[in-house]
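> I am attaching a structure below and will ask some questions about it afterwards.
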Amino acid sequence: MPASVRLTPLAAFVLALGGAAGFPALALAGNGGLAPVAPNSPNAERIADMYYFVSIFAVLIFLAVAVPLVLFMVRYRSRGRGREIEGPQIRGNNRLELGWTVLPVLILVVIASFVFYKLEGTSTLEGTATAGAGDLKVTVEARRFYWQYRYPNGAIAVQRLRAPQGRVVDLEITAPDGDVNHSFWVPALGGKFDAIPGETTETSFRADRIGVYEGVCAEFCGLLHTEMPAEIEVIAATEFDSWLATEGSQQEGGTSTLGEQTYRGACAKCHGFEGEGLIGPTLAGNPIVSDTRRVEEIVRNGREEMPPVAEDWSERQLDALTAYLKRAYGPDEDESGS
Ligand code: CUA
């Protein structure tokens, strides 16, 4: 056994490790790294506030532990002293012991108080000045493997939820019976909310800036879990009103993109975004896609490997899909659909 243990390389290693872990974290924390995305709804702001508040203590405590640790390792290294030689034995320090007992308790009380204060109002905007009976109510349905949104006037959107700027939107999040658990999460506009078959989870948001806000399905729900991003597109309120009115009054065809949205949300993940075939067979140029009755029967009832995706779709949505399929992938028209 060597007479002394050189701590200097160890201290250097710990320093390097601390640096490696700490600096990228600090560098990334500003944007797109460890920090939450910039909030754009009062409830998302509350969530971000909690994150930053707790982070302050986390960073301070890390520094309070790590800096003295490294300093002590360097300051009190053995300097060639034999291993068997004991250092001075120090017992008891009332002030120090009281300090490291009371201070953590106080820190936890402060954090808990702040979090409980902020928690109210992270899920819904009830009680805020702008929330009320006039809120837009949208049902969010999670399905394997896409999101479907139903508006009060019958309008339907797939994958991308459209919402008006500056207005409170109440979401009722659910999943059809027989589906599995999913979770709706668009971080800039709020927290993570479960979509469970037969149950309804409520949340709301009010987006103050126009834009497209990216989100995900945050519950592992099966083979194509990563293929069900949740998106919210916030547009000017007047533009939204006219879109909603037009979309709600559509019977079929027209300017509605429901057929295409449905294809991209529900079908493309197995049949390819160009109908080129993937898990499911190729649709481009496939004679079946022009046979509306046949397509309806297959998507309503499923067959072989294919699930009955359209089991509970409205006639309107099914019509929109069959029209789109025919238009985009039918062998008669020479269109690629892209
Ligand atoms: Cu739906 Cu993961």
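Throughout, read-outs are computed from the coordinates displayed, never taken from laboratory work. Note that the structure is predicted; figures quoted are calculated from it, not measured. Positions of Cβ are generated from backbone atoms using ideal geometry, with glycine treated the same way; all protein chains shown enter the neighbour counts.
> Please enumerate the residues belonging to segment 51-80 that are basic (Lys, Arg) and either exposed (fewer than 13 other Cβ atoms within 10 Å of the Cβ) or assigned to a helix (DSSP H, G or I) (or both).
Within segment 51-80, 75, 79 qualify.
> Only one of 101, 139 is part of a strand (DSSP E or B) and surrounded by fewer than 19 Cβ atoms within 10 Å (Cβ to Cβ). Can you tell me which? It would help to see each step written out before you state the result.
Numbers: 101 fails: part of a strand (DSSP E or B).
After ruling out the rest, the residue left standing is 139.
> Kindly check whether there is at least one residue in segment 259-280 that is part of a helix (DSSP H, G or I), over 15 Å from residue 156 (Cβ atoms), within 31 Å of the chain's Cα centre (by Cα) and aliphatic (A, V, I, L, M).
yes
> Here are the criteria: (1) on the phi > 0 side of the Ramachandran plot; (2) in contact with a strand residue (DSSP E or B) (Cβ under 8 Å, 6 or more places away or on another chain). Tell me which single one residue 40 does not satisfy.
The failed condition is (1).
> For segment 133-170, what are the residues that are among the hydroxyl-bearing types (Ser, Thr, Tyr) and within 16 Å of the ligand (Cβ to nearest atom)?
Within segment 133-170, 146, 149 meet the criteria.
> Taking segment 141-177, which residues are without any contact (Cβ under 8 Å) to a residue 60 or more places away in the chain and more than 16 Å from residue 206 (Cβ to Cβ)? Spell out how you get there, then give the answer.
Narrowing segment 141-177 to residues without any contact (Cβ under 8 Å) to a residue 60 or more places away in the chain: 141, 149-150, 152, 168-175, 177.
Matches in segment 141-177: 141, 149, 150, 152, 172, 173, 174, 175, 177.
> Could you grab me the full set of residues in segment 172-214 that are within 16 Å of the ligand (Cβ to nearest atom) and among the polar types (S, T, N, Q)?
174, 181, 183, 201
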